[in-house]
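> Dumping the structure here so I can ask a few things about it.
The values are calculated or read from the model by the stated rules, or taken from the named source; none is laboratory data. In this text, all values refer to a predicted model and were calculated from it rather than measured experimentally. Here the Cβ positions follow ideal geometry from the backbone for every residue, glycine too, while neighbour counts run over all protein chains shown.
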Amino acid sequence: MPAKALKVIVTRRLPEPVETRMNELFDVELNVNDTPMDREALADAMARADVLVPTLGDRIDQGLLAQAGDKLRLIANYGAGFDHIDVQTALQRGVMVSNTPGVLTDDTADMTMAMILSVPRRLREGNLQMQKGTWEGWSPTALMGHRIGGKRLGILGMGRIGQAVASRARAFGLQVHYHNRRQLHPDTESALEATYWESFDQMLARIDILSIHVPHTPSTFHLLNARRLKLMKPSAFVVNTARGEVIDENALTRMLRAGEIAGAGLDVFENGNDVNPRLRGLDNVLLLPHMSSATVEGRLDMGEKVIINIKTYADGHRPPDQVVPAML
Ligand code: DGY
């Protein structure tokens, strides 16, 4: 089908150059007000579109897919994670799903390092003192944090982002340990000077900082549960820039409050933007609003990927970033 004839419906506001390019290429319906679509609006969009461009806040489940129109052939997600889409059901109904991998790797790894540095060094507390005007001047014992160099960083999930974090962490003198479904190729492992742990539990007991880089799937849900959190040293820190569902947030909150975990840097939460109120206000917790990949450059690259996926589909081929069953 000629690209210009494709009805493409975009669920959220995208960067202006991306929207302009989409307007040139497709028969596009944009969400100029950026109001998140409710279920009814999503169902209406899916009934009318050839291609839907959702983002991670749009829950596209079995029920919605059942109401999709016959025209809908591609869900070109604006984002790398696709845990909000029932890909299995989409494929069964002949709807392809694509995502935007690779272009968020460096930005997410940079923010992960920012958290790995900020939490043990108490940046949040220092900044609060300055903002509130409560700083009483330098003192030898004020705001002592913990040195990063020489500590053991445990990376859960050694895919693209995990590896990008590992190479940055080496530059800060951290010792890199990792747990992954598969051990890395020996060349990659030695380039990253990374130690593989087949047992996640055993790694947890020995590390000083845990950084999470696995997607949210049925097998990673609450992978860091209360039992595993208890295996960690009380002096250890947890950083999560992946998906909130991987951690039992209630258990983590309880342990942070009880001083059984030293601190946490969280960019993602178990219930989306409904953040556990008991996490707020804790000195040892840095909370960010899912902004690890939020750079102008990254968002434009994501848009470019979405456009290439749609164009390739319009040209009669499989989108280059198609989500295939092996990835589920
Ligand atoms: C994604 O694309 O899935 C990221 O979580 C956005 O930050």
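> Suppose we keep only residues that are part of a helix (DSSP H, G or I) and free of Cβ contacts under 8 Å to residues at least 60 places away in the same chain within the stretch 218-245. Which one would you say is surrounded by the fewest Cβ atoms within 10 Å (Cβ to Cβ)?
Per the stated criteria, the residue is R227.
> Which residues, taken from the stretch 288-328, are part of a loop (DSSP other than H, G, I, E, B), out of contact with any Phe, Trp or Tyr (no Cβ under 7 Å at 6 or more places or on another chain) and more than 13 Å from the ligand (Cβ to nearest atom)?
D315, G316, H317, R318, P320, V324, L328
> Taking V268 as meeting all but one of (1) outside the structural domain of D201 (by TED's automatic domain parsing); (2) of a type in the set (A, V, I, L, M, F, W, C); (3) within 16 Å of the ligand (Cβ to nearest atom), write down the number of the exception.
Unmet condition: (1).
> Of all residues in the stretch 265-281, count the ones that are under 18 Å from I209 (Cα atoms) and touching a helix residue (DSSP H, G or I) at 6+ places or on another chain (Cβ under 6 Å).
Qualifying residue count, the stretch 265-281: 2.
> Can you name the number of the only condition in (1) in contact with a strand residue (DSSP E or B) (Cβ under 8 Å, 6 or more places away or on another chain); (2) in a loop (DSSP other than H, G, I, E, B) that G57 fails?
If we test G57 against (1) in contact with a strand residue (DSSP E or B) (Cβ under 8 Å, 6 or more places away or on another chain); (2) in a loop (DSSP other than H, G, I, E, B), just (1) comes out false.
> Hey, any hits in the stretch 75-88 for a residue that's at pLDDT 95 or above, of a type outside the set (D, E, K, R) and over 24 Å from the mean Cα position of the chain (by Cα)?
No, the conditions are met nowhere in the stretch 75-88.
> Starting from residues that are over 29 Å from the mean Cα position of the chain (by Cα) and assigned to a loop (DSSP other than H, G, I, E, B), keep the ones in the stretch 1-19 and report whichever is nearest to V32 (Cα to Cα).
L6
> A further question follows. Somewhere in the stretch 165-174, is a residue touching a helix residue (DSSP H, G or I) at 6+ places or on another chain (Cβ under 9 Å), over 20 Å from A109 (Cβ atoms), among the hydrophobic types (A, V, I, L, M, F, W, C) and buried (at least 20 other Cβ atoms within 10 Å of the Cβ)?
Among the residues of the stretch 165-174, not one is touching a helix residue (DSSP H, G or I) at 6+ places or on another chain (Cβ under 9 Å), over 20 Å from A109 (Cβ atoms), among the hydrophobic types (A, V, I, L, M, F, W, C) and buried (at least 20 other Cβ atoms within 10 Å of the Cβ), which makes the answer no.
> So, in the stretch 264-276, how many residues would count as being without any contact (Cβ under 8 Å) to a residue 24 or more places away in the chain and within 26 Å of R121 (Cβ to Cβ)?
1
> Which one is nearest to P289 (Cα to Cα) among residues in the stretch 122-139 that are surrounded by 17 or more Cβ atoms within 10 Å (Cβ to Cβ) and of a type outside the set (A, V, I, L, M, F, W, C)?
R124
> For the stretch 271-287, how many residues are away from the ligand (no atom under 16 Å from the Cβ), surrounded by fewer than 13 Cβ atoms within 10 Å (Cβ to Cβ) and not in a helix (DSSP H, G or I)?
4
> Sort out which residues of the stretch 84-137 are within 30 Å of A49 (Cβ to Cβ) and of a type in the set (D, E), and write them in order of number.
Correct list: D86, D107.
> Right, another one. State all residues of the stretch 64-79 that are surrounded by fewer than 16 Cβ atoms within 10 Å (Cβ to Cβ) and either of a type in the set (K, R) or within 14 Å of the ligand (Cβ to nearest atom) (or both); if no residue qualifies, say none.
Answer for the stretch 64-79, where residues must be surrounded by fewer than 16 Cβ atoms within 10 Å (Cβ to Cβ) and either of a type in the set (K, R) or within 14 Å of the ligand (Cβ to nearest atom) (or both): just K71.
> What are the residues in the stretch 20-63 that are more than 23 Å from the chain's Cα centre (by Cα) and either in contact (Cβ under 8 Å) with a residue 60 or more places away in the chain or not assigned by TED's automatic domain parsing to the domain that holds V97 (or both), if any?
Hits for the stretch 20-63 are R21, M22, L25, F26, V51.
> Of everything in the stretch 50-63, what is surrounded by fewer than 23 Cβ atoms within 10 Å (Cβ to Cβ) and more than 16 Å from the ligand (Cβ to nearest atom)? Give them in sequence order.
Listed by number, the residues that qualify are D50, D61, Q62, G63.
> Still on this structure, please answer the following. Please verify whether the stretch 177-190 includes one or more residues that are away from the ligand (no atom under 16 Å from the Cβ), part of a helix (DSSP H, G or I) and of a type in the set (A, V, I, L, M).
Checking the stretch 177-190: not a single residue is away from the ligand (no atom under 16 Å from the Cβ), part of a helix (DSSP H, G or I) and of a type in the set (A, V, I, L, M).
> In addition: Here's a check for you: in the stretch 80-116, which residue that is surrounded by fewer than 21 Cβ atoms within 10 Å (Cβ to Cβ) and among the small types (G, A, S) is nearest to T11 (Cα to Cα)?
It comes out as G81.
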